[in-house]
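Below is one structure, written out as structure tokens; the observations come after it.
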Amino acid sequence: MESTAADLLARGDYRRGVELVMHEMGPSVLGLLHTMFRTNQDAADEAFSLFAENLFRNASTFRGEAPLKAWVYAIARNAALSVSRDGWRRFGERLETRDAERLAEEVRTRSAIRRERQSSALDSLRDTLDLDEQTLLTLRLDEKLPWDEVAQVMSSGGEKVDSQTVRKRFERLKVRLGEEARRRGLVG
């Protein structure tokens, strides 16, 4: 899927390329955003709509310099940062791109069941993490991105982060989460 979507984008078939990305990766991106905004699901939905809109608007900028998955997650992270920094209800405007709105709603609806199955104990544990820690955890564990792609996504905010730094931060986060999980009685 990734190479097909990248080929479509490279050939300028942005509509089909973005639709393929949304259908194949949209549920994972939505899951990431719901993890990042665990205590405010409306903000997660707003970030997902912004992600879909930005994906359509920026389709022509994909150059293949980074893997498509990293590029997509960087757009998602930037949407999340925008929503968290600027106040997600500030404009209350609908998406300009009807296709983005339709795809975002379609993926949101299909993914609702998956979100309901998440454990509340683990949710509360993840709630203790900041936005970057949640992003790091989700990209590495849930999406299984390689370290260099995680570093590319984490660098999307402007400050360059190398894969070794991301790996060390992840290891420290695992230790901290393990200690907290043991303290809460979630693991033996």
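The values are calculated or read from the model by the stated rules, or taken from the named source; none is laboratory data. Bear in mind that the values here come from a model prediction, so they are computed numbers and not experimental data. Neighbour counts run over all protein chains shown; Cβ positions are idealised from the backbone, glycine included.
Quick check on my filter: what residues within region 25-51 are among the acidic types (Asp, Glu) and exposed (fewer than 15 other Cβ atoms within 10 Å of the Cβ)?
ASP42
In contact with a Leu (Cβ under 7 Å, 6 or more places away or on another chain), over 12 Å from ALA104 (Cα atoms) and either buried (at least 17 other Cβ atoms within 10 Å of the Cβ) or charged (D, E, K, R) (or both): is that true of ALA74 in this structure?
So ALA74 does not fit the description; no.
Please count how many residues of region 156-188 are within 21 Å of LEU33 (Cα to Cα) and touching a residue at least 24 places away in the same chain (Cβ under 8 Å).
7
Contact list please: Cβ distance under 8 Å, first residue in region 33-59 and touching a residue at least 40 places away in the same chain (Cβ under 8 Å) and of a type in the set (Phe, Trp, Tyr), second residue surrounded by fewer than 22 Cβ atoms within 10 Å (Cβ to Cβ) and not in a helix (DSSP H, G or I), pairs at least six apart or on different chains.
Note: pairs meeting the criteria are PHE56/THR97.
Given the criteria out of contact with any Pro (no Cβ under 8 Å at 6 or more places or on another chain), among the hydroxyl-bearing types (Ser, Thr, Tyr) and either modelled with pLDDT under 80 or at negative phi (or both), does SER111 qualify?
No, not satisfied.
From (1) outside any helix (DSSP H, G or I); (2) in contact (Cβ under 8 Å) with a residue 60 or more places away in the chain; (3) over 20 Å from ARG77 (Cα atoms), pick out the condition that doesn't hold for LEU145.
In the conditions (1) outside any helix (DSSP H, G or I); (2) in contact (Cβ under 8 Å) with a residue 60 or more places away in the chain; (3) over 20 Å from ARG77 (Cα atoms), LEU145 misses (3) alone.
Mind checking which residues of region 57-75 are under 13 Å from the mean Cα position of the chain (by Cα) and of a type in the set (Val, Ile, Thr)?
VAL72, ILE75
Checking the structure you have, find out if any residue of region 146-154 is at pLDDT below 90 and surrounded by fewer than 17 Cβ atoms within 10 Å (Cβ to Cβ).
No, there is no match, as no residue in region 146-154 is at pLDDT below 90 and surrounded by fewer than 17 Cβ atoms within 10 Å (Cβ to Cβ).
Conditions tested, residue by residue: (1) of a type in the set (Asp, Glu); (2) under 16 Å from the mean Cα position of the chain (by Cα); (3) outside any helix (DSSP H, G or I).
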{"site": "GLU19", "(1), (2), (3)": "yes, no, no"}
{"site": "GLU46", "(1), (2), (3)": "yes, yes, no"}
{"site": "SER49", "(1), (2), (3)": "no, yes, no"}
{"site": "LEU55", "(1), (2), (3)": "no, yes, no"}
{"site": "ASN78", "(1), (2), (3)": "no, yes, no"}
{"site": "SER82", "(1), (2), (3)": "no, yes, no"}
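Residue check, ASP42 against (1) more than 16 Å from GLN134 (Cβ to Cβ); (2) modelled with pLDDT of 90 or more, all met but one. Which one?
(2)
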